[in-house]
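Undergrad: Before we start, here is the structure in question, set down as structure tokens.
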Amino acid sequence: MYNKEIRITGPDRQRKPVRAVIRTYAEADFDELIRIQAESFPPPYPEELLWNHEQLASHVAHYADGAICIEVDGELAGSMTSLRMQWNPAQPDNHSWTEVTDDGYIRNHQPDGNTLYIVDLCVRPKYRKWGLAQLMMQAMYQLVIHQGMDRLLGAGRMPGYHLVAEQMSAEQYLEQVVAGELHDPVISFLLRCGRMPVGVTAHYLDDEESCDYAALMEWRNPFIEVD
């Protein structure tokens, strides 16, 4: 069970540092975690894809180490969920979010999997630009190292793609974001976190802004030699 206290400052660097805690989430957090998701993913994001109590309970039951949240001065501000899976980088499959996460229930979690797969990451809008997502991502990197996995992997939404979808393919869009020629709110953030693209997956999520595409992006364990 993860529990780490740190001090952080918000976007206004003149403010005094405040107390933040990254910890495993529990049943008492479920209602607030659902509210955070609703705030973080407003329409046109499909409401049926927001967490429910049964999914959150399944996260804790199957892989509590990968179910974390962050508090700022006692208020829940965001969460991040993951599972372990076996993944062969030589044969990256074109999968959907529903397939790889067991429709968000993670009952397909493999305790000996070589890869930590990110199921979800969200931060309450009023805490954007506080660096909370990066802090939770770093906690997941630590989990990869601590449990001896090869990598962290996840499919990032490409919410800026719909603006240029008639002009280029999803692969070309990703290439231009990586090159710094275009900015994408999600993909550019993941690049800053040290994640690197390994491909594009189609029909990943019912997501109008991304035209249902997602960029598959990894972070490799620096202490393990990965082919």
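Read-outs throughout are calculated quantities, based only on the coordinates presented, and are distinct from any laboratory measurement. All values derive from a computational prediction rather than experimental measurement. Neighbour counts run over all protein chains shown; Cβ positions are idealised from the backbone, glycine included.
Undergrad: State to the nearest 20 debye the size of the charge dipole of the stretch 1-64 about its Cα centre, where the only charges are +1 on K and R beta carbons and -1 on D and E beta carbons. Let's see the in-between values first.
TA: Working: 8 positive and 10 negative charges, 147 e Å.
The calculation lands at about 700 debye.
Undergrad: Along its three principal axes, how long is the stretch 1-131 when you only count alpha carbons? Whole Å, largest extent first please.
TA: Largest first, the stretch 1-131 extends 49, 32, 30 Å along its Cα principal axes.
Undergrad: If you build a Gaussian network model of the chain, linking Cα atoms that sit under 10 Å apart, which residue out of Gly199, Gly156, Gly66 swings the most?
TA: Gly199
Undergrad: Dipole of the stretch 1-149, Cα-centred, from +1 at each Lys and Arg C-beta and -1 at each Asp and Glu C-beta, to the nearest 20 debye? List each step's numbers first, then the result.
TA: Details: 14 positive and 20 negative charges, 199 e Å.
Computed about the Cα centre, the dipole is about 960 debye.
Undergrad: Another one. Below 8 Å between Cα atoms, with a sequence gap of 6+, how large is the relative contact order for the chain in percent?
TA: On the way: 414 pairs, mean separation 41.0, N = 227.
Worked out over the chain, it gives 18 percent.
Undergrad: Count neighbours as other Cβ atoms within 10 Å of each site's Cβ, and list the trypsin sites (Lys or Arg not before Pro) in the stretch 1-79 that are DSSP loop with at most 12 such neighbours. Mind dumping the intermediate values first?
TA: Values: sites: Lys4, Arg7, Arg13, Arg15, Arg19, Arg23, Arg35; in loops: Arg13, Arg15.
Passing both the DSSP loop test and the Cβ count: Arg13, Arg15.
Undergrad: Moving to a separate point now. What is the spin-label model distance, in nm, from Gln134 to Asp31 if the labels are put 7 Å beyond Cα along the C-beta direction?
TA: It is 3.4 nm.
Undergrad: Continuing with the same structure: Relative to 2.2 N^0.38 Å, what does the C-alpha radius of gyration of the stretch 54-119 come to as a ratio? Two decimals please.
TA: 1.22
Undergrad: What Kirkwood hydrodynamic radius, in Å, does the chain give when the mean of 1/r is taken over all pairs of distinct Cα atoms and then inverted? Show your work: numbers first, answer last.
TA: Numbers: mean 1/r = 0.0555 Å⁻¹.
Over the chain, the inverse of the mean reciprocal pair distance is 18.0 Å.
Undergrad: I would also like to ask the following. Per DSSP helix of 4 or more residues, -39500 (n - 2.57); summed, then divided by the residues of the chain. What does that give at 222 nm, rounded to the nearest 500?
TA: Numbers: 6 runs with 57 residues, N = 227.
Calculated mean residue ellipticity at 222 nm is -7000 deg cm²/dmol.
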